[in-house]
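K.L.:
I'd like to ask you about the structure that follows.
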Amino acid sequence: MAAEAFGSYQPTTEEPFMNEQQRDYFRGKLLAWKDDILKEAKDTLQFLQEADRNQPDVVDRASSETERAIELRARDRQRKLIAKIDAALSRIEDGTYGYCEETGEPISIKRLEARPIATFSIEAQERHERRERIYRDD
């Protein structure tokens with residue numbers, strides 16, 4: 001996600017939250033991230049096709065299968081990430097982007113910069129994670 005793609009604009013807390021310029025900024029950031037993932041996926045596909053070549057050595061074949069499994073797991077994570085990016089882009093369009101799903105309060109610009117697909121404020125995310133730990137420990 002090249003910063004130069006967004007010009008010199010940097011969202012701040014001094015301006016109205018999720019104004020048009022901020023929405024455009026985060027839309028661009030999300031689209032650039034998605035493009036990077038799709039390019040990486042294309043490279044992975046190419047790698048997997050090349051790795052498919054017949055390998056007579058059992059050790060080489062086993063190593064290749066391990067690499068393939070790792071690449072496929074990474075691809076699955078990327079597929080899920082693309083779905084989250086698409087959901088964030090939809091929220092930009094419907095006007096709910098940047099607002100916590102739990103509280104309806106704005107998610108900090110700093111958090112959105114770090115995790116543009118965030119759906120919870122830091123406080124709500126921490127509560128959510130605490131509840132998950134409690135139920136997981138039962």
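The values are calculated or read from the model by the stated rules, or taken from the named source; none is laboratory data. The structure displayed is predicted, hence computed values, not measured ones. We place every Cβ from the backbone using ideal geometry, glycine too, and count neighbours over all the protein chains shown. Accessible surface areas use protein heavy atoms only, side chains included; no ligands, DNA or RNA. Shrake-Rupley method; radii C 1.70, N 1.55, O 1.52, S 1.80 Å.
Conditions (1) out of contact with any Pro (no Cβ under 9 Å at 6 or more places or on another chain); (2) assigned to a helix (DSSP H, G or I); (3) surrounded by 13 or more Cβ atoms within 10 Å (Cβ to Cβ); (4) at pLDDT 80 or above, marked per residue:
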site: ALA41; (1), (2), (3), (4): yes, yes, yes, yes
site: PHE47; (1), (2), (3), (4): yes, yes, yes, no
site: ASP60; (1), (2), (3), (4): yes, yes, no, no
site: ALA74; (1), (2), (3), (4): yes, yes, yes, yes
site: ARG77; (1), (2), (3), (4): yes, yes, no, yes
site: ILE82; (1), (2), (3), (4): yes, yes, yes, yes
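K.L.:
With the checklist (1) open to solvent by less than 40 Å² (accessible area, probe 1.4 Å); (2) modelled with pLDDT under 85; (3) in contact with a Lys or Arg (Cβ under 7 Å, 6 or more places away or on another chain) in hand, flag the one item SER64 doesn't pass.
P.N.:
(3)
K.L.:
Right, something else. Assess whether LEU72 counts as being closer than 19 Å to GLU40 by Cα and not charged (D, E, K, R).
P.N.:
Working: closer than 19 Å to GLU40 by Cα: yes; not charged (D, E, K, R): yes.
Yes; evaluated as a whole, the condition is true for this residue.
K.L.:
OK, next. Just to be sure I understand, how many residues within region 87-127 are part of a helix (DSSP H, G or I), in contact (Cβ under 8 Å) with a residue 24 or more places away in the chain and open to solvent by 60 Å² or more (accessible area, probe 1.4 Å)?
P.N.:
Number satisfying all stated conditions: 1.
K.L.:
Only one of (1) surrounded by 11 or more Cβ atoms within 10 Å (Cβ to Cβ); (2) modelled with pLDDT of 95 or more fails for GLU20. Which number is that?
P.N.:
(1)
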